[in-house]
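Participant: Please see the structure below; I have some questions.
The values are calculated or read from the model by the stated rules, or taken from the named source; none is laboratory data. Here the structure is a predicted model, which is why all the values come from computation and not from measurement. When we count neighbours, we look across all protein chains shown, and the Cβ atoms used for this are built from the backbone with ideal geometry, even at glycine. Accessible surface areas use protein heavy atoms only, side chains included; no ligands, DNA or RNA. Shrake-Rupley method; radii C 1.70, N 1.55, O 1.52, S 1.80 Å.
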Amino acid sequence: MGRKLAGTAMTVAMVAGLTAGAVGGAQAATGHSTPPNAAALRASIAGLPNAQLTSAVVLVGGEDGRWSGTSGTGDPATGRPVKADGEFRIGSISKVFTATVVLQLVAEHRVDLDGAVQQYLPPNTLPKDYPAVTVRQLLNHTSGLPTGQGQFPDDGTPEWFAAHASDSFTPQEVVRRIMANPKQFDPGTAQQYNGINYYLAGMVIEQVTGHSFAQELNARILRPLGLHHTWAPDAEDTALPNPSAHAVLAVTRPDGSTGLADVTRQSPWPWAEGGMISNAPDLERFMSALLHGKLLPPAQQAELFAVPDVPNHQNDHCDIGPTSGRACFSTGLMRFSPAPGIEFWGKTGSRPGYTSAVFATRDGSRDLVYSFTPTSRAGAPFSAQYRVAAAAFDLPTN
């Protein structure tokens, strides 16, 4: 679709960088016994703002210490500093929260992971003659459901978004529009990263519990973990009260002049798929709790690392390393394995003006959160993201 469903080419770019420098860093990437390299981390985000990025927030933590740093300007219009604990739009990182809630419902025997999703959805959400799609297939992107190309008004330019940042769609409207397209493949036969899966997962949560996605998120994850800077706003709520940095896009004005359009205020309509807001400390706390089994029982915890053995279908996210051409998404997370012996788990996310990610080694010995404010709708360049990842996980830089 023109207004892309939260996942972006940013993931591809980051992984390309990891692949380029992976060999030789395997030990560092799978376990850490030294503190974060503060000098390397500072250097990895030096030189901002520039034409491509106005700011960066980075947090590295784990068993051997923490490092937090910022670079650039928090608001090009005023020059105010970047806030290390300020909030940003996390895009598709929202999917990890959504998958965690669904897996909790599975643990409570209120959802069957291998049951047809149609049994949990309102009538006619999917066509009556549509093949059965399981809840598991939603969460690990093997549903084969249609993609949203051509179903939403958006020419992909920064000028369009700056003029339409407050536009919104309901989850039901998103699903209705996308289901007008043909399915991609038979359910369970391949994997394709697809935002509609997580709109439907959010709808399952609401149908099964009788509560809103935001209410379940608050009760199950945000309040228990004390994530006071994380929430799922209503689609009409464009505010970002305490931004780490303002989101700005480089635009050409009608008179031919160029400048930066502030899009910090924008609709979070991607919802359970990509509409949440958080900050770096909250994302680190969430990821640490998730990887250390504090949110899920053992059976559901295992699903976080269960990547289906199916082909990758038109999905650049997974075209990396020794498993290139095969699936790379589990039931909620993405596995980065750019070379034998190197493995990260986490998720990237993007909304116009924000490019963010949370990654960790499976053992939790090192984690990384970052958020950039790119001036292009294409997101932060891979070189900027790789520099941070290399510094955080002690990977080679050439």
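Participant: Quick one: in the range 155-170, of everything that is of a type in the set (D, E, K, R) and surrounded by 15 or more Cβ atoms within 10 Å (Cβ to Cβ), which residue is nearest to residue 200 (Cα to Cα)?
Facilitator: In the first step, residues of the range 155-170 are kept if they are of a type in the set (D, E, K, R); the result is 155, 159, 167.
Cutting the leftovers down to surrounded by 15 or more Cβ atoms within 10 Å (Cβ to Cβ) gives us 159, 167.
On the way: 159: 30, 167: 21 Å.
Here the answer is 167.
Participant: Could you grab the pairs with beta carbons closer than 9 Å, sequence gap of 6+ or different chains, first residue in the range 40-54 and closer than 15 Å to residue 375 by Cβ, second one open to solvent by 70 Å² or more (accessible area, probe 1.4 Å)?
Facilitator: 54/260
Participant: OK, next. Out of the residues in the range 47-95 that are acidic (Asp, Glu) and surrounded by fewer than 17 Cβ atoms within 10 Å (Cβ to Cβ), which is nearest to the chain's Cα centre (by Cα)?
Facilitator: Looking at residues that are acidic (Asp, Glu) and surrounded by fewer than 17 Cβ atoms within 10 Å (Cβ to Cβ), I get 85.
Participant: Scan the range 323-334 residue by residue and report those that are in contact with a helix residue (DSSP H, G or I) (Cβ under 8 Å, 6 or more places away or on another chain) and either surrounded by 15 or more Cβ atoms within 10 Å (Cβ to Cβ) or closer than 21 Å to residue 202 by Cα (or both). Full working, then the answer.
Facilitator: Just the residues of the range 323-334 that are in contact with a helix residue (DSSP H, G or I) (Cβ under 8 Å, 6 or more places away or on another chain), to begin with: 324-334.
Result: 326, 327, 328, 329, 330, 331, 332, 333, 334.
Participant: Could you check, for the range 223-230, whether at least one of its residues is within 20 Å of residue 98 (Cβ to Cβ), open to solvent by 20 Å² or more (accessible area, probe 1.4 Å), modelled with pLDDT of 95 or more and within 17 Å of the chain's Cα centre (by Cα)?
Facilitator: yes
Participant: Name, by its number, the condition in (1) within 16 Å of residue 307 (Cα to Cα); (2) touching a residue at least 40 places away in the same chain (Cβ under 8 Å); (3) open to solvent by 10 Å² or more (accessible area, probe 1.4 Å) that does not hold for residue 337.
Facilitator: Residue 337 satisfies all of (1) within 16 Å of residue 307 (Cα to Cα); (2) touching a residue at least 40 places away in the same chain (Cβ under 8 Å); (3) open to solvent by 10 Å² or more (accessible area, probe 1.4 Å) except (2).
Participant: Identify, please: which residue in the range 344-366 is open to solvent by 10 Å² or more (accessible area, probe 1.4 Å) and of a type in the set (D, E, K, R) and is, among those, farthest from the chain's Cα centre (by Cα)?
Facilitator: The selected residue is 363.
Participant: Just a yes or no: is a residue in the range 103-113 of a type in the set (Lys, Arg), closer than 29 Å to residue 134 by Cα and not in a loop (DSSP other than H, G, I, E, B)?
Facilitator: The answer is no; no qualifying residue exists.
Participant: Could you tell me whether residue 244 is of a type in the set (Ser, Thr, Tyr), open to solvent by less than 20 Å² (accessible area, probe 1.4 Å) and either within 20 Å of residue 87 (Cα to Cα) or without any contact (Cβ under 8 Å) to a residue 60 or more places away in the chain (or both)?
Facilitator: yes
Participant: Of everything in the range 321-330, what is within 18 Å of the chain's Cα centre (by Cα) and farther than 19 Å from residue 146 by Cα? Give them in sequence order.
Facilitator: Those that are within 18 Å of the chain's Cα centre (by Cα) and farther than 19 Å from residue 146 by Cα: 328, 330.
Participant: A follow-up question, please. Which ones in the range 323-358 are farther than 18 Å from residue 273 by Cα and assigned to a strand (DSSP E or B)?
Facilitator: 326, 335, 336, 344, 345, listed by residue number.
Participant: Of the numbered conditions (1) under 29 Å from residue 251 (Cα atoms); (2) surrounded by fewer than 24 Cβ atoms within 10 Å (Cβ to Cβ), residue 371 fails exactly one; give the number of that condition.
Facilitator: (2)
Participant: Output the qualifying pairs, or none if there are none: Cβ atoms under 7 angstrom, residues six or more apart or on different chains, first residue in the range 197-209 and in contact (Cβ under 8 Å) with a residue 12 or more places away in the chain and part of a helix (DSSP H, G or I), second residue of a type in the set (S, T, N, Q) and surrounded by 24 or more Cβ atoms within 10 Å (Cβ to Cβ).
Facilitator: Once the first residue is in contact (Cβ under 8 Å) with a residue 12 or more places away in the chain and part of a helix (DSSP H, G or I) and sits in the range 197-209, its partners that are of a type in the set (S, T, N, Q) and surrounded by 24 or more Cβ atoms within 10 Å (Cβ to Cβ) give 197/143; 198/98; 201/98; 202/98.
Participant: Select, from 374, 352, 340, 381, the only residue that is touching a Leu at 6+ places or on another chain (Cβ under 9 Å) and within 20 Å of residue 319 (Cβ to Cβ).
Facilitator: 381
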